[in-house]
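Worksheet: one structure, shown below.
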Amino acid sequence: FPVTIRPAECYALNRKDIHIEPFGIYKCGYIHIGAAVGSNETEKHVLVTTKTDESKRDIPLSENGRTIFESLLEFTEREYVFTDFDGNFLEEKKSSHIINNYCKKNGIDFHLYMLRHKFSTNMLDNDIDLRTAMELMGHNNPDMTLSYARSNNQKKAEAIDLIENGIKRYKTDKKRLC
């Protein structure tokens with residue numbers, strides 16, 4: 001399931017935000033992102049507005065995503081689907097800390113935001129246009145979406161090969177014209 005949601009947005013998901021029935025162009029449903037869990041002037045771990053206006057968005061569900069959310073809705077009957085056992089909002093720092101410690105202890109290189117990095121990378125690797133990627137990620141600046149995408153040594157080697165072959169092809173074509 002593609003992860004475009006910030007953890008704080010995920011923790012604020014309300015049952016009403018999850019639409020698992022087909023709706024218009026959303027053949028597997030969608031989730032609506034309209035809030036996040038954060039802090040205001042007086043309280044911590046409360047519902048707040050999303051990071052930016054662009055963060056408010058509808059995200060289409062894949063078949064796998066719909067299955068995950070169907071199971072989640074069956075698992076909990078609470079209004080907010082990601083809460084602790086007492087019904088309190090999850091704390092991003094606390095949950096990240098627990099996950100990071102578990103992973104570190106077990107030799108796993110992982111943190112929550114790696115899912116968003118992977119999603120951004122996959123979109124751009126699969127030629128999803130930058131505007132669509134940016135909107136799915138909830139960014140208001142394409143530079144932020146690009147900063148989430150990761151490269152690797154194979155991509156770099158392929159880029160050099162493409163450039164090299166392009167130069168060779170250009171030289172060959174130029175000789176044919178003369």
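We did not get these values from a lab; they are worked out from the coordinates using the rules stated. Since the structure is predicted, the reported quantities are computational estimates derived from the model, not experimental observations. FYI the Cβ positions are ideal-geometry reconstructions off the backbone, even for glycines, and counts take in every protein chain you see.
Across segment 102-145, the volume of the C-alpha convex hull divided among the residues equals 74 Å³ per residue. Each Lys or Arg adds one and each Asp or Glu takes one away; over the other residues whose Cβ falls under 15 Å from the Cβ of Asn88, this sums to -2. Across all Cα atoms of segment 63-140, the radius of gyration (one decimal) and Dmax (whole number) stand at 15.8, 43 Å. Stokes-Einstein diffusion of segment 45-98 at 37 °C, 0.692 mPa s viscosity, Kirkwood radius from Cα pairs, rounded to a whole number: 244 µm²/s.
One equal scatterer on each Cα of the chain, no solvent, Debye formula: the resulting log10 I(q)/I(0) at q = 0.11, 0.12, 0.15 Å⁻¹ is -0.59, -0.68, -0.98. Shown here are the Rg and Dmax of the Cα trace of segment 18-67, at 13.8, 41 Å. Summing charges over neighbours of Pro22, with a neighbour being any other residue whose Cβ is under 15 Å away from its Cβ, gives -2 when K and R count +1 and D and E count -1. Its relative contact order, with pairs defined as Cα atoms under 8 Å and 6+ residues apart, puts the chain at 22 percent. Taking only the alpha carbons of segment 1-106, we obtain Rg and Dmax values of 14.5, 45 Å in that order.
What is the local net charge at Asp125, summed over the other residues whose Cβ is closer than 12 Å to its Cβ (Lys, Arg +1; Asp, Glu -1)? Present the calculation step by step, with values, prior to reporting the outcome.
Numbers: positive: Lys118, Arg150, Lys155; negative: Asp127, Glu158.
Cβ neighbours under 12 Å give a net charge of +1.
Dipole size of the chain about its Cα centre, with +1 on Lys/Arg Cβ and -1 on Asp/Glu Cβ: approximately 1160 debye, rounded to the nearest 20.
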